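Read the structure below first, then the notes.
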Amino acid sequence: MSRTPIHVMVWGENIHERHNERVRAIYPRGMHRTIADAIASHLGADVNVRTATLEEPEHGLADEVLQTTDVLSWWGHAAHDRVDDAVVEKVHRRVLGGMGLLLLHSSQGSKILARLLGTSGSVRWRDVGEREVVWTVSPSHPIAEGVPNPFVIPQQEMYGEFFDIPQPDELVFISSFAGGEVFRSGCCFTRGRGRIFYFSPGHEFYPVYHQAEVQRVLANAVRWAAFGQRRQQAPFQSEKKPMGWFTEPLATAPEA
Ligand code: ZN
């Protein structure tokens, strides 16, 4: 049986990669390409993966692109404030309508996270390249499937609590750092029809997105967030209903 592939759009701010030699050495084609290639290689024919970046018109997220995207992956850091409010509005609406959203690393400070979750997303942080250990706390969750528990990221930026987000609907990973802090590093939310997964590993100075365990998480998250592939659906809307509408045949139900 053939299946419709999941249409994935991997969005990258693509600023550090162009302006910082150290980052370019790790991600010569940009983090978004590495992430896109990882998802494509793990999920094969089950996905169709595109990429877009900040500098493109409408940030590469024109209506026709968003309308044909099942899962959007988002990495931003240096230019959150340059993301057009109109694009944020459209992404928000598409998530409510069922598009999946992966929010990666410093996207905790993005406009779209604040818009969807209603909090600042602020964290404690330090960048000294310390060891991060990622622990699975929901072993039966599909995003944890095939992910070693724990796995180690040799060098990472530390993100620590308190992380200003609502209580996640499901917590899949927590991380501990060499310096002692802990962090809710893999968090699931639902908003409207849409599924959102926040995953914190992914600082631009370290080859985190080249790491097999991280790629596994991203691929699993795409599958999870694509739930139902509900393209073209409208967000939920309030509906006036007549008394008895769910017990009587609709044709005989009294008019509202
Ligand atoms: Zn970072």
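The values are calculated or read from the model by the stated rules, or taken from the named source; none is laboratory data. Quick caveat: nothing in here was measured; it's all calculated off a predicted structure. Don't worry about glycine lacking a Cβ; one is built from the backbone with ideal geometry, like all the others, and counts go over all protein chains shown.
Here's the yes/no breakdown for (1) modelled with pLDDT under 95; (2) in a loop (DSSP other than H, G, I, E, B); (3) in contact with a helix residue (DSSP H, G or I) (Cβ under 9 Å, 6 or more places away or on another chain):
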| site | (1), (2), (3) |
| --- | --- |
| 3 | yes, yes, yes |
| 10 | no, no, yes |
| 24 | no, no, yes |
| 44 | no, no, no |
| 64 | no, no, no |
| 72 | no, no, yes |
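Report every pair of residues separated by at least 6 positions or lying on different chains whose Cβ atoms are under 7 Å apart, first residue within the range 161-180 and under 18 Å from residue 216 (Cβ atoms), second of a type in the set (Ser, Thr, Tyr) and outside any loop (DSSP other than H, G, I, E, B).
172/136; 173/136; 173/185; 174/185; 175/185
Can you confirm whether residue 131 is surrounded by fewer than 18 Cβ atoms within 10 Å (Cβ to Cβ) and within 16 Å of the ligand (Cβ to nearest atom)?
Working: surrounded by fewer than 18 Cβ atoms within 10 Å (Cβ to Cβ): yes; within 16 Å of the ligand (Cβ to nearest atom): yes.
Yes.
Name the residue, out of 185, 200, 122, that is touching a Lys or Arg at 6+ places or on another chain (Cβ under 9 Å) and within 16 Å of the ligand (Cβ to nearest atom).
One residue alone meets the criteria, 200.
Just checking, which of 78, 38, 52 is part of a loop (DSSP other than H, G, I, E, B), over 14 Å from the mean Cα position of the chain (by Cα) and touching a residue at least 40 places away in the same chain (Cβ under 8 Å)? Can you show your working first?
On the way: 38 fails: part of a loop (DSSP other than H, G, I, E, B); 52 fails: part of a loop (DSSP other than H, G, I, E, B).
Testing whether each residue is part of a loop (DSSP other than H, G, I, E, B), over 14 Å from the mean Cα position of the chain (by Cα) and touching a residue at least 40 places away in the same chain (Cβ under 8 Å) leaves just 78.
Would you point out the residue of the range 16-35, among those that are within 19 Å of the chain's Cα centre (by Cα) and among the hydrophobic types (A, V, I, L, M, F, W, C), that is farthest from residue 211 (Cα to Cα)?
Out of the qualifying residues, it is 31.
Among the residues of the range 143-150, is there at least one that is among the β-branched types (Val, Ile, Thr), farther than 15 Å from residue 109 by Cα and more than 16 Å from the ligand (Cβ to nearest atom)?
Taking every residue of the range 143-150 in turn, at least one turns out to be among the β-branched types (Val, Ile, Thr), farther than 15 Å from residue 109 by Cα and more than 16 Å from the ligand (Cβ to nearest atom).
Is there a residue being away from the ligand (no atom under 16 Å from the Cβ) and modelled with pLDDT of 95 or more anywhere in the range 155-162? Spell out how you get there, then give the answer.
First, pick out the residues of the range 155-162 that are away from the ligand (no atom under 16 Å from the Cβ): 161-162.
After this cut, where a residue has to be modelled with pLDDT of 95 or more as well, the list is 161-162.
Looking through the range 155-162, at least one residue is away from the ligand (no atom under 16 Å from the Cβ) and modelled with pLDDT of 95 or more.
Quick one: how many residues across the range 135-164 are assigned to a loop (DSSP other than H, G, I, E, B), acidic (Asp, Glu) and over 23 Å from residue 225 (Cβ atoms)?
Within the range 135-164, the subset assigned to a loop (DSSP other than H, G, I, E, B) is 137-141, 145-150, 161-164.
If we keep only those that are acidic (Asp, Glu) too, we end up with 145, 161, 164.
This time we only want the ones that are over 23 Å from residue 225 (Cβ atoms), so: 161.
Result for the range 135-164: 1.
Can you find even one residue in the range 168-178 that is aliphatic (A, V, I, L, M), crowded, with 21+ Cβ neighbours inside 10 Å and within 16 Å of the ligand (Cβ to nearest atom)?
no
So, in the range 27-52, exactly how many residues are touching a Phe, Trp or Tyr at 6+ places or on another chain (Cβ under 7 Å) and under 18 Å from residue 77 (Cβ atoms)?
5
I need a count of the residues in the range 185-204 that are more than 19 Å from residue 159 (Cα to Cα), out of contact with any Ser or Thr (no Cβ under 8 Å at 6 or more places or on another chain) and either crowded, with 21+ Cβ neighbours inside 10 Å or aliphatic (A, V, I, L, M) (or both).
Going through the range 185-204, the residues more than 19 Å from residue 159 (Cα to Cα) turn out to be 189-196.
Add one more test, that the residue is out of contact with any Ser or Thr (no Cβ under 8 Å at 6 or more places or on another chain), and what stays is 189-195.
Retained after the next criterion (residues that are either crowded, with 21+ Cβ neighbours inside 10 Å or aliphatic (A, V, I, L, M) (or both)): 189, 194-195.
Residues flagged as more than 19 Å from residue 159 (Cα to Cα), out of contact with any Ser or Thr (no Cβ under 8 Å at 6 or more places or on another chain) and either crowded, with 21+ Cβ neighbours inside 10 Å or aliphatic (A, V, I, L, M) (or both) within the range 185-204 amount to 3.
Give the range 89-134 a look and list any residue that's over 23 Å from residue 7 (Cα atoms), of a type in the set (S, T, N, Q) and assigned to a helix (DSSP H, G or I), or say none.
If the condition is that a residue be over 23 Å from residue 7 (Cα atoms), of a type in the set (S, T, N, Q) and assigned to a helix (DSSP H, G or I), then 106, 108 are the ones that fit.
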